[in-house]
């Protein structure tokens, strides 16, 4: 969906009575923040990072700077959600009772307790979409979440007028929250364990 289409809808609904509806840059910012919030709540986009282990190295950073990590979308990394070994077997994350699992000492760092030089680990991570910068940018927004995004834009727009917790911006945030919950309750988004490509059935080539 084009950013211009989202802004037109917001301007004729949630932002209709606000002067900020005429501030294109501000509303694009609201769209970006809303999309980020939706990606935090739902696994809308999952990608893979391949870690090639090196002797003496136990920490691997998923930010695009680590040469031991092959990943496509480091700048939009949110959180690691699953990990697999070379046989496609699930490796536990942050399970202190399992000595074969991996840990995340920081949100984008994987710590491997047992290193086998040259072996690979697949990390499935939740990512967000790149921030939009122009009205002609296309955003991958599931149609069932359009209402939620518009409520979030309304929340951000009204927060520029008043920060009072009883004000309209708080009402819009509650509507956003309720809209997201309805989408979940109606089964209109896949649960996390169905959204992550099922690498356990694939293994490495």
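Can you name the residue in the range 127-144 that is in contact with a strand residue (DSSP E or B) (Cβ under 9 Å, 6 or more places away or on another chain) and farther than 20 Å from residue 62 by Cβ and is also surrounded by the fewest Cβ atoms within 10 Å (Cβ to Cβ) among such residues?
Pass one, the range 127-144, residues in contact with a strand residue (DSSP E or B) (Cβ under 9 Å, 6 or more places away or on another chain): 127-128, 132, 135-139.
Narrowing the set further to residues that are farther than 20 Å from residue 62 by Cβ leaves 132, 135-139.
On the way: 132: 19, 135: 15, 136: 9, 137: 17, 138: 11, 139: 18.
So, considering only residues that are in contact with a strand residue (DSSP E or B) (Cβ under 9 Å, 6 or more places away or on another chain) and farther than 20 Å from residue 62 by Cβ, the one surrounded by the fewest Cβ atoms within 10 Å (Cβ to Cβ) is 136.
For residues in the range 84-126 being touching a helix residue (DSSP H, G or I) at 6+ places or on another chain (Cβ under 9 Å) and surrounded by 15 or more Cβ atoms within 10 Å (Cβ to Cβ), which is farthest from residue 65 (Cα to Cα)?
84
What number of residues within the range 70-89 are free of Cβ contacts under 8 Å to residues at least 40 places away in the same chain and under 16 Å from residue 111 (Cβ atoms)?
Going through the range 70-89 one residue at a time, the tally reaches 1.
Go through the residues of the range 10-31 one by one and say whether even a single one is touching a residue at least 12 places away in the same chain (Cβ under 8 Å), in contact with a helix residue (DSSP H, G or I) (Cβ under 8 Å, 6 or more places away or on another chain), closer than 30 Å to residue 88 by Cα and not in a helix (DSSP H, G or I).
No, that holds for no residue.
With respect to the numbered conditions (1) out of contact with any helix residue (DSSP H, G or I) (no Cβ under 8 Å at 6 or more places or on another chain); (2) at pLDDT 95 or above, which one is the sole condition not fulfilled by residue 46?
Unmet condition: (2).
The values are calculated or read from the model by the stated rules, or taken from the named source; none is laboratory data. Being a predicted model, the structure only gives us computed values, none of them experimental. FYI the Cβ positions are ideal-geometry reconstructions off the backbone, even for glycines, and counts take in every protein chain you see.
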